[in-house]
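Encoded as structure tokens, the structure appears first; notes follow it.
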Amino acid sequence: MKSLLNIAGIITVVLFLWTCQDDENEPISESKLEFREFTSLSLKDNPIGNTDLRKIQIYLPRGYENNPSKKYPVIYLLHGLPFTSESFTDITEWDPYIGGNSPFQIYPDFPDEGFRSWVDGLILSGKMKSSILVMPDAGSAYGFSFYSNSILNGGFEDFIVKDVVNYIDANYRTVSNKDGRALIGFSQGGYGAVKLGMKHSDVFSVVAGHSGALYLDGFFGMGALIIAENPDGLKGPDPNKFFTSAAYAMSSAWSPNIGNPPFMVDFPFEYPSGDVVPAVRERWLKNCAFNLLDDYLDGINSLNGVYLDCGTLDELQMTAMVEAFVAKLDVAGVDYNYETFEGGHFDKMFSRLERSLTFASSNLN
């Protein structure tokens, strides 16, 4: 009987070791990009008709499927152009915005290996931790939503801070507190990342803004440019008139007026003089990151990291706007990282994103 028990014990040990060996040799699951859609409560029933069914793209790192108990930090990527969830993954989405009358003549520096493999490489090289990346669609009928709550466009600030974050936490294994979340954005997304980060420092702990519109007073010098784009009068947004369309989009975010058809905005410039409308300017400046810093200084100081940059060849002259915000951070004693680089608004997008992903990852817990 004793011999039989010994044999049974040996068999049990062998089976256990064989099972462990099998687990160790199980192939590591590949990273993947998932496409999802979900309904945003914050965008329901907006007057302009922006859809509340929103596309979202999610990068899941290698090994995500192998580790059912592991939780991952989440980095949210906020697009500027184009106005889709595929701004960072599909170069063809940029075709309508490069060349011709556009101020942008050079495509972003998309990696040859593709977005997913590029992020894999950053993780494998140790430049960033294994993380989930989330790319939501924040496009509006006017194109830019500027990640702002608007009675015309809907609640695009709440869409990011509440709806997207809650959806990701409910459907993926996330570090579901502020120390596990970062915001990174380009252009209007750079503005959005900084604004939402300082206002919602209980939700996010790291922000990075690339070429962000952080000093809105800088836009009020473009009245003459908009008038020059419209010699026959202001007739609304036009895909061939970038600055005019951008001004209407900003107005839809910051000076909406549902009682002012057909465009339902209060425009910031008089026609044909190009003079600034003071009352509209004041409404815009209530949404300016430079001014919001006064109210949310404690918020930005509580973040684990703030990263900003801008190209010295920026086609929209954003460098002065970013540096005005940086100067105010200095006066307020806020800790931050700021860099300039030789490049334009978007053409170095991925080389800069590598910098901010590394920064964000190193400051996430």
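The values are calculated or read from the model by the stated rules, or taken from the named source; none is laboratory data. This is a predicted model, so every value here is computed, not measured. Here the Cβ positions follow ideal geometry from the backbone for every residue, glycine too, while neighbour counts run over all protein chains shown. We work out accessible area using only protein heavy atoms, side chains counted, and drop any ligands, DNA or RNA first. Shrake-Rupley method; radii C 1.70, N 1.55, O 1.52, S 1.80 Å.
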Among residues of segment 293-352, those that are among the β-branched types (V, I, T), closer than 24 Å to F204 by Cα and open to solvent by 30 Å² or more (accessible area, probe 1.4 Å), counted: 1
Residue among T358, T340 that alone is in a strand (DSSP E or B), at pLDDT 95 or above and over 30 Å from P231 (Cβ atoms): T340
Some residue of segment 60-79 being of a type in the set (A, V, I, L, M, F, W, C), open to solvent by 40 Å² or more (accessible area, probe 1.4 Å) and modelled with pLDDT of 95 or more: no
Selection from segment 123-141 of residues that are within 19 Å of the chain's Cα centre (by Cα) and either farther than 27 Å from R36 by Cβ or of a type in the set (A, V, I, L, M, F, W, C) (or both): M128, I132, L133, V134, M135, A138, A141
Residue check for S252: in contact with a strand residue (DSSP E or B) (Cβ under 6 Å, 6 or more places away or on another chain), buried (at least 23 other Cβ atoms within 10 Å of the Cβ) and modelled with pLDDT of 95 or more: yes
Residue under evaluation V161, criteria (1) open to solvent by 20 Å² or more (accessible area, probe 1.4 Å); (2) out of contact with any strand residue (DSSP E or B) (no Cβ under 7 Å at 6 or more places or on another chain); (3) not in a loop (DSSP other than H, G, I, E, B), criterion not met: (1)
Index of the failed condition, S29 passing every other in (1) touching a helix residue (DSSP H, G or I) at 6+ places or on another chain (Cβ under 6 Å); (2) among the hydroxyl-bearing types (S, T, Y); (3) open to solvent by 30 Å² or more (accessible area, probe 1.4 Å): (3)
Residues of segment 270-290 satisfying the condition of being touching a residue at least 40 places away in the same chain (Cβ under 8 Å) and either outside any loop (DSSP other than H, G, I, E, B) or on the phi > 0 side of the Ramachandran plot (or both): G274, V276, R281, W284, L285, A289, F290
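For every residue, the table says whether it meets (1) closer than 29 Å to G49 by Cβ; (2) open to solvent by less than 40 Å² (accessible area, probe 1.4 Å); (3) in contact with a strand residue (DSSP E or B) (Cβ under 8 Å, 6 or more places away or on another chain); (4) in a helix (DSSP H, G or I).
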{"position": "L183", "(1), (2), (3), (4)": "yes, yes, yes, no"}
{"position": "L196", "(1), (2), (3), (4)": "yes, yes, yes, yes"}
{"position": "S201", "(1), (2), (3), (4)": "no, yes, no, no"}
{"position": "L225", "(1), (2), (3), (4)": "no, no, no, yes"}
{"position": "P231", "(1), (2), (3), (4)": "no, no, no, no"}
{"position": "P239", "(1), (2), (3), (4)": "yes, no, no, no"}
{"position": "Y248", "(1), (2), (3), (4)": "yes, yes, yes, yes"}
{"position": "I258", "(1), (2), (3), (4)": "yes, no, no, no"}
{"position": "P262", "(1), (2), (3), (4)": "yes, no, no, no"}
Residues that are under 31 Å from the mean Cα position of the chain (by Cα) and open to solvent by 70 Å² or more (accessible area, probe 1.4 Å), drawn from segment 264-280: P278
